[in-house]
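Read the structure below first, then the notes.
The values are calculated or read from the model by the stated rules, or taken from the named source; none is laboratory data. Nothing here was measured: the structure is a model prediction, and the numbers come from that model. When we count neighbours, we look across all protein chains shown, and the Cβ atoms used for this are built from the backbone with ideal geometry, even at glycine. Just the protein is used for accessible areas: all its heavy atoms, side chains included, with ligands, DNA and RNA removed. Shrake-Rupley method; radii C 1.70, N 1.55, O 1.52, S 1.80 Å.
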Amino acid sequence: PLTFAVDGEHDDETVRQYLLTSQVEEFRSRRIGLIHGAQNLEANWFARLRLALRPPPEEQYLDFLRSQFDDGEIHCIVYGHTHQPNLRFHKGVLFFNPGAVAAGRGNRATVGVLDVSDRSVTADIITL
């Protein structure tokens, strides 16, 4: 199986030297964007605390995620910052957060499966 990873906001330099902040992979003519989801959202700790206590509306957050990739066509964005399982289309893009393999933050443990074909990208969230 293939494994791709991007860095998160709590990764230190020893991890970041090996991982990108975001990347786009292409499978069967479908472009999949990978991003943790917190980078560049807010730079200072006070603004990050404010976001943690009162996150932006989901549509605004999904627009932010899309803005982190070039203007080329993206079929799916896989992200994870919130640890909240999420699967939805927004402005023609499938946004997929598989959740977290460890239960917590009010959620059960989950993993995600992404299925890429020549015509579409679909995803499933599986509760462990």
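Excluding ligands, DNA and RNA, the accessible surface per residue across the chain is 64 Å² with a 1.4 Å probe.
Relative to the current alpha-carbon distance between HIS10 and HIS90, full extension at 0.36 nm per residue lengthens the span by 26.1 nm. Computed from phi, the 3J(HN,Hα) profile of segment 60-67 under the Karplus parametrisation 6.51, -1.76, 1.60 (θ = phi - 60°) reads 5, 5, 5, 4, 4, 4, 4, 5 Hz, with x in place of Gly and Pro. Taking the 1.4 Å solvent-accessible surface of the chain as the whole, the part contributed by carbon and sulfur is 53%. Per-residue packing, averaged as other Cβ atoms within 10 Å, sorts the ranges 75-84, 9-18, 119-128 into the order 75-84, 119-128, 9-18, beginning with the highest. Here the chain is assigned +1 on the Cβ of each Lys and Arg and -1 on the Cβ of each Asp and Glu. Its dipole about the Cα centre then comes out at about 440 debye.
Please give the contour-minus-distance gain from SER67 to ASP115: 0.36 nm per residue of separation, less the Cα-Cα distance, rounded to one decimal in nm. Mind dumping the intermediate values first?
On the way: separation 48, 0.36 × 48 = 17.28 nm, distance 2.37 nm.
Length difference between fully extended and current span is 14.9 nm.
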